[in-house]
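The values are calculated or read from the model by the stated rules, or taken from the named source; none is laboratory data. Owing to the predicted nature of the structure, the values given are computational and were not obtained by experimental measurement. For neighbour counting, all protein chains shown are included, and Cβ atoms are generated from backbone atoms with ideal geometry for every residue, glycine included.
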Amino acid sequence: MKKEYPSLWKSNLLISVLSLITTILVLEIMLRTYDQLKGRGFFSNHRNLISQRIKQVQPFRTFGFKLYRNKKEVKYISSTHRELFPIKKPNGTFRIVVFGGSTTYNGFSFKKTKTHYPLILQSELREFFGTKAIEVINVGYPAYATPHSLILFQLDVLSWAPDMIIVSHNVNDLLAAYWPNFTFDYSNKYSDDFYSIPYKSTLTFSNLLFQHSQLYWFVGDRINRVINSRELQRKSYGTKPPQLAIEVFQRNLRSFVALAKANKIKVLFGNQALQPTEEYFLLHMLDKPYNSTIIYPLHNEFVAHHRAFNEAIRQVAEETDVLFIDNESKLGDNKEYFIDFVHYTPKGVTVLANNYATFLIDKNLIQLPPKALNNRK
């Protein structure tokens, strides 16, 4: 009886499949080994969009961080980087709350050095005055604009009894002017899927099936970057930003002042430093998923618009008789302080914190009772 052998094509197919599986396993192990060498751990899940991007909706703000956390059955204020502060301000404490977007959040610096400028500012003020009775609470968050911060201020921060607020916004408000059909609340921008909870785009069959493969997420991220990396849509807006956009921005800043003055809270407005080259602008903006929707100005116009928004901040501070600090002249145009057009390196974060600390100290703005100064730690 003649012995039957598998056909040649079946053998080749089996070898190809086994080779492919082996290659995938080797690449997965190599990628996880790289993660381990970088300090993330061999079983890191940091690329998993299902675990990282699906977050609880924050009432009224849509997205963001939890403002409160419990520790030993006691409820605390939780800053954007999870530093805890008592809800009731301790007697004799000078409390500062800092509002802003990603340039206040300082994600790159925190990832590298576990620092952000409000934390460094707190440390410098405590060291100068020789007391721990100074709190600087960071409530800045990536993509937040003035509407997000106003909601935070009115609904929560007022109840924390701050002595001072620091507000530094610009680019997130400015970018809303380049999205179609500008609206007073920026919903023309923040209704985009990019800013919503991405259940539909994240909870796909393949994502769920391969969610624990770091190689799957790595390759998918690179493919998405290529797909989204396209020449930006641009048109000329002129050297001045759209008038309605700057009016809404200034109105929001005045609302901060009105709320603060009604509650006897000092206000310090800070402008935003910019690294003005197009190279640094593209480092951050080139692969944004929403680039098929937004229409940017010519780059020289964008730089002029950003400066106009900074000037609008100074004007509001002057007309409402509140404090203003110039961060742009301290950091702007210095590439060693920036990772892209507005986000800072750890060195830039330190310089920014130093600028605030020097301003507050030189102008004698930190008012502590004698008891706090007498009990220096």
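Quick rundown of the values:
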{"read-out": "Number of positions in region 252-301 that are assigned to a helix (DSSP H, G or I), at pLDDT 95 or above and in contact with a helix residue (DSSP H, G or I) (Cβ under 7 Å, 6 or more places away or on another chain)", "value": "10"}
{"read-out": "Phe60 assigned to a loop (DSSP other than H, G, I, E, B), out of contact with any Ser or Thr (no Cβ under 6 Å at 6 or more places or on another chain), hydrophobic (A, V, I, L, M, F, W, C) and without any contact (Cβ under 8 Å) to a residue 24 or more places away in the chain", "value": "no"}
{"read-out": "Sole residue being among the hydroxyl-bearing types (Ser, Thr, Tyr), buried (at least 16 other Cβ atoms within 10 Å of the Cβ), in contact with a His (Cβ under 9 Å, 6 or more places away or on another chain) and in the same structural domain as Asn354 (by TED's automatic domain parsing), chosen from Tyr296, Tyr280, Tyr237", "value": "Tyr237"}
{"read-out": "Every pair of residues 6+ apart whose Cβ atoms lie under 9 Å, when the first sits in region 336-348 and is outside the structural domain of Val303 (by TED's automatic domain parsing) while the second is surrounded by fewer than 21 Cβ atoms within 10 Å (Cβ to Cβ) and among the acidic types (Asp, Glu)", "value": "none"}
{"read-out": "Helices (runs of 4 or more DSSP H) wholly inside region 75-192 containing at least 2 residues that are within 26 Å of Glu301 (Cα to Cα)", "value": "102-105, 146-155, 171-176, 187-190"}
{"read-out": "Verdict on Ala317 being under 17 Å from Arg251 (Cα atoms) and in the same structural domain as Asn181 (by TED's automatic domain parsing)", "value": "yes"}
{"read-out": "Condition broken by Leu27, with the remaining ones in (1) surrounded by 11 or more Cβ atoms within 10 Å (Cβ to Cβ); (2) in the same structural domain as Asn172 (by TED's automatic domain parsing) satisfied", "value": "(2)"}
